[in-house]
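Since the structure comes first, as structure tokens, the remarks are kept for the end.
Quick note: the coordinates plus some simple rules give every number you see, no bench work behind them. As the structure is a prediction and not an experimental result, all values here were calculated from the model. Cβ atoms come from the backbone with ideal geometry, glycine included; neighbour counts cover every protein chain shown.
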Amino acid sequence: MPFVIAMRSPGGPAVLHAIEIALPDPGPDEVRIRQTVIGVNFVDIYFRSGLYALPELPAVLGFEGAGVVEAIGSRVTNLAVGDRIAYHGMPLGAYAEVRLLPQHRAVKLPDAVSDRTAGSTMLRGLTAHMLLHKVHAVQPGDWILVHAGAGGLGQLVTRWAKRPGAHVVATVGSQAKVAQSIAAGADEVLLHSDADWVERTRAIAEGKGVHLAIDGIGGSMLGRTLGTVRPFGVVASLGQPAGPIPPVPVENLGFARSIALMRPSSILYADDPDLYQRGAADLMAVLQDGLINPIGAEYSLKNAGEAHAALEAGRTTGSVILTV
């Protein structure tokens with residue numbers, strides 16, 4: 001029987017265990033896929049740790065993956081057995097050898113896009129699409145600040161933002177990660193441990209500040225990030241691996257700054273059928289056109305706990321995947 005990586009209670013990486021399951025035939029609007037690649041993301045850690053509530057326990061984590069269609073439901077007309085597909089979004093359940101998936105989630109892969117690329121890029125790719133098209137429609141000459149510029153999302157956002165001619169200032173946590181961010185195309189790379197990174201960011205961005213700041217670190221970082229944005233710019237708060245984010249008084253966004261603060265969710269973005277289809281189509285197009293999303297670490301599915309521990313400790317750059 002196929003196995004999944006399940007958790008019976010919130011906690012550390014050790015709560016993830018392999019268990020065998022009996023998988024039913026797909027329902028009328030479902031497909032059954034045998035997975036080849038599964039993406040590991042910080043949102044998985046938030047669910048595993050209990051920061052985000054799970055709909056039920058035991059639970060199988062994971063929002064993205066790629067594989068081959070093994071069976072289709074009676075009402076499925078846009079896919080066939082043998083098709084390669086990738087997906088992102090609800091329902092949870094990617095940490096599995098074989099799984100059922102609603103047909104509207106499955107994105108048929110072009111021949112030029114490998115399972116490894118698609119399975120490690122759907123969540124970050126849709127997040128980047130959301131940030132650069134919905135949160136702020138990036139224009140040539142715009143300035144963007146990307147925290148964790150050597151991480152999987154940071155590198156992907158940088159590469160995609162450079163395509164229409166934006167400028168990117170990236171921050172990283174150590175000197176060792178500067179090279180990865182530069183390789184992704186960042187115009188300037190700063191250490192967020194430096195005391196003056198806020199002032200330097202504003203100075204680099206024409207002395208006015210950036211048009212869009214993307215904070216996937218959280219903790220005290222968000223409060224400082226507000227100071228890097230020019231009037232009528234946007235700050236996107238995506239996550240909080242550095243810890244809880246202190247409250248942000250709305251007056252801190254107002255008269256003197258005139259900036260917007262958003263907490264966008266790529267899960268909700270993927271729940272909108274039009275946005276999901278448009279974002280996935282645009283992502284496949286840029287992947288075929290050469291957009292790179294490096295894989296920084298690879299683990300077998302049964303070692304999902306090790307992948308979580310490495311990601312949580314900041315020992316990875318680029319995307320993290322599980323292989324089946």
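Amide H contacts for L190 (H built 1.01 Å from N in the peptide plane; partners 5 or more residues away or on another chain; cut-off under 5 Å): A170, T171, V172.
Where in the stretch 50-84 does the amide nitrogen come within less than 11 Å of the point 7 Å from the Cα of M90, taken along Cα to Cβ? Only 55 pass the distance filter. Put simply, the amide H of I295, placed in the peptide plane, has neighbours under 5 Å in S319, leaving out anything fewer than 5 places away on its chain.
Do any chymotrypsin sites (Phe, Trp or Tyr not before Pro) in the stretch 49-109 lie in a loop, going by DSSP, with at most 13 other beta-carbon atoms within 10 Å of their beta carbon, and if so which?
Numbers: sites: Y52, F63, Y87, Y95; in loops: Y52, F63, Y95.
Answer by residue number: Y52.
Work out, step by step, the length gained on full extension between E298 and S193: first 0.36 nm times the residue separation, then minus their alpha carbon distance; give nm to one decimal.
Values: separation 105, 0.36 × 105 = 37.80 nm, distance 2.84 nm.
Net length gain for the segment: 35.0 nm.
Scan the chain and note any complete DSSP helix (H) whose C-alpha atoms cover at least 20 Å along its axis and whose Kyte-Doolittle average is -0.5 or more. For the chain, where a helix must reach 20 Å along its axis and average at least -0.5, the hits are 273-288. The number of Lys pairs in the chain with C-alpha atoms less than 26 Å apart, excluding pairs fewer than 8 positions apart on the same chain, is 5.
Annotation: the residues I182, I217, I19, sorted from fewest to most other C-beta atoms within 10 Å of their own C-beta, follow the order I19, I182, I217. In vacuo Debye scattering of the stretch 139-282, one point per C-alpha: log10 I(q)/I(0) at q = 0.09, 0.15, 0.16 Å⁻¹? Debye output, listed in q order: -0.26, -0.75, -0.85.
Backbone N atoms of the stretch 173-196 closer than 14 Å to the 7 Å Cα→Cβ label point of A203 belong to residues 189-191, 194-196. Looking at (i) 124; (ii) 151; (iii) 171, which value of volume of the Cα convex hull per residue in Å³ comes from a calculation on the structure shown? Answer label, from the structure shown: (i).
Can you order the peptides 34-44, 220-230, 120-130 by their average number of other Cβ atoms within 10 Å per residue, highest first? Please report the intermediate quantities before stating the final value.
Details: 34-44: 24.0, 220-230: 19.4, 120-130: 27.3.
Descending packing order for the listed peptides: 120-130, 34-44, 220-230.
Calculated [222 nm] ellipticity per residue, helices only, for the chain: -7000 deg cm²/dmol; basis is -39500 (n - 2.57) per DSSP H run with n ≥ 4, divided by all residues, nearest 500. A simple rule links phi to the HN-Hα coupling: the Karplus curve 6.51 cos²θ - 1.76 cosθ + 1.60 with θ = phi - 60°, which for the stretch 106-119 gives 6, 10, 5, 8, x, 4, 7, 10, 6, 4, 4, 5, 5, x Hz, with x for Gly and Pro.
The GluC sites (Glu not before Pro) found in the stretch 16-59 that occupy coil by DSSP, while having at most 16 further C-beta atoms within 10 Å, are E56.
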